[in-house]
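A quick write-up on the structure given underneath.
The values are calculated or read from the model by the stated rules, or taken from the named source; none is laboratory data. Only a predicted model underlies this, so the values are computations on that prediction, with no experimental measurement involved. Don't worry about glycine lacking a Cβ; one is built from the backbone with ideal geometry, like all the others, and counts go over all protein chains shown. With ligands, DNA and RNA removed, areas are computed over all heavy atoms of the protein, side chains included. Shrake-Rupley method; radii C 1.70, N 1.55, O 1.52, S 1.80 Å.
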Amino acid sequence: MIVRQVGILGSGIMGSGIAEAVATAGFEVVLRSRSAATAAATRITLEKGLARQVTRGRLDQEQADAVVGRVHVTAYLDDLAGCDLVIESVVEDLATKVALFAEVDRVLGRAAVLATNTSTLPVVDLAVAVSSPERVCGMHFFNPAPVMKLVEIVAPITASEETIAIATAFARECGKDPVRVKDQAGFVVNALLFPYLNNAVRLLESGVADRDGIDEAMRGGCGFPMGPLALLDLVGLDTSVAILDTLHGEHGDPGSVAVPVLRRMVAAGHLGRKSGRGFYRYEDRR
Ligand SMILES: NC(=O)c1ccc[n+]([C@@H]2O[C@H](COP(=O)([O-])OP(=O)(O)OC[C@H]3O[C@@H](n4cnc5c(N)ncnc54)[C@H](O)[C@@H]3O)[C@@H](O)[C@H]2O)c1
């Protein structure tokens, strides 16, 4: 199957980043947001992001205009009808994703592949919500999606080899490096990463070092491009708590029990970069 048009469900950090990455690779994109207002706002965010790339000399104006021209934003699920591949990237909540998969299944052609960008949830639970479970897989992009090379291709036990091959080839066409992983909470990266991020919050809480000290230690001591507290802010603390809860639920590892202050910060609306405040404060929200 040749992928020509790609649907994206969700216009948050990842949905809009994936749309940019996929449109930059030359595919037509239909990005579905929940309301006309958020759909319009997503278009403006995309234009601003591409304008920054033009200023930095990474793209010329003509290329940026062509990318924007390939992204069609909509609030209507029916507009995804002609898509060959749909990538779902809404909130990390199983019930929400299952309901959306069942809805989008009614709109899509029988050959279309449905992928989820979930960070940790069981992909098989989404597969069984649609009429052809063999067409469902995970395509786990990393943040920021236009920049990060890895895509974990998640193969639930229900997926056909053809589905996995289509998703893998598509990731490569987007200039990404796909790695096949089992449908197990956290796959590879988050299973290793999140206990570490959670432990950084534990160290902060116990006063071993302050925020800047912890982040500086891990950048300087391990050569990481970003400290753990800055990375939690980038991912989003609500998404991070959801990831830790799923990891703990599946593996029972005490290191994945979200440190209580993370839930308190989410309750306060301190979600990280996307809300303007997390462990750090941000002038420009996106
Ligand atoms: N943030 C990251 O670093 C990262 C990285 C890889 C994968 N992911 C995954 O990507 C997905 C989206 O995360 P994000 O970081 O973009 O989150 P986000 O909070 O930035 O965006 C969430 C999106 O979900 C939509 N949404 C919320 N409730 C909804 C509902 N009831 N029905 C339909 N849409 C709804 C919101 O309108 C928004 O567009 C999650 O599954 C997350 O685990 C996140």
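Distance from the Cα centroid of the range 29-59 to that of the range 171-205 is 26 Å (rounded to whole angstrom). For the chain, the antiparallel share of DSSP beta bridges with both residues in that region comes to about 15%. Between amide H atoms placed 1.01 Å from N, distances below 5 Å from Val73 occur with Leu31, all of them 5 or more places distant or on a separate chain. In summary, the range 133-199 shows an alpha-carbon radius of gyration equal to 1.15 times the 2.2 N^0.38 Å reference for compact globular proteins. Let a ≥ b ≥ c be the square roots of the eigenvalues of the Cα gyration tensor of the range 39-165; is it rounded (a/c under 1.5), or, if not, prolate (a/b larger than b/c) or oblate? Because a/c hits 1.5 or more and a/b exceeds b/c, the range 39-165 counts as prolate. With protein chains left intact and a 1.4 Å probe, residues in the chain average 46 Å² of accessible area per residue. Distance between the pseudo-spin-label points of Thr96 and Asp78 (7 Å out from Cα toward the beta carbon): 2.5 nm. Each Lys and Arg Cβ is given +1 and each Asp and Glu Cβ -1; about its Cα centre, the range 1-142 then shows a dipole of about 220 debye. Kindly identify the range 47-116 as rounded, prolate or oblate by the Cα gyration tensor criterion: order the square roots of the eigenvalues as a ≥ b ≥ c, call it rounded if a/c is under 1.5, otherwise compare a/b with b/c, prolate if a/b is larger, else oblate. Prolate shape, in that a/c is at least 1.5 and a/b is the bigger ratio.
The magnitude of the dipole of the chain, with charges of +1 and -1 set on the Cβ of Lys/Arg and Asp/Glu and taken from the Cα centre, is near 520 debye. Between Ser89, Ser275, Ser16, the GNM of the chain built on Cα springs shorter than 10 angstrom shows Ser275 fluctuating the most.
Taking the charge dipole of the chain about its Cα centre, with +1 at Lys and Arg Cβ atoms and -1 at Asp and Glu Cβ atoms, the residue from Ser240, Ala51, Leu94 reaching farthest to the positive side is Ala51. If Lys and Arg each add +1 and Asp and Glu each add -1, what is the summed charge of the other residues whose beta carbon sits under 15 Å from the beta carbon of Val130? Cβ neighbours under 15 Å give a net charge of -1. Helical runs assigned H by DSSP (4 residues or longer) give the chain a calculated mean residue ellipticity at 222 nm of -14500 deg cm²/dmol, each run adding -39500 (n - 2.57) before division by the residue total. Between Arg263 and His251, the distance separating the two model label sites (each 7 Å from Cα on the Cα→Cβ line) works out to 2.1 nm. Comparing Pro133, Pro144, Pro260 in a Gaussian network model of the chain (Cα springs below 10 Å), the most mobile by mean-square fluctuation is Pro260. Scanning residues 5 or more positions from Leu271 or on other chains, those with amide H under 5 Å from its amide H are Arg277, with H placed 1.01 Å from N in the peptide plane. Share of carbon and sulfur in the accessible area of the chain stands at 55%, probe radius 1.4 Å. To one decimal place, what orientation-averaged projected area in nm² is obtained for the convex hull of the Cα set of the chain? Across all orientations, the chain yields a mean hull projection of 14.6 nm². Sorted into 5 angstrom bins from 0, the C-alpha pair distances of the range 187-226 split as 6, 23, 25, 28, 13, 4, 1 percent.
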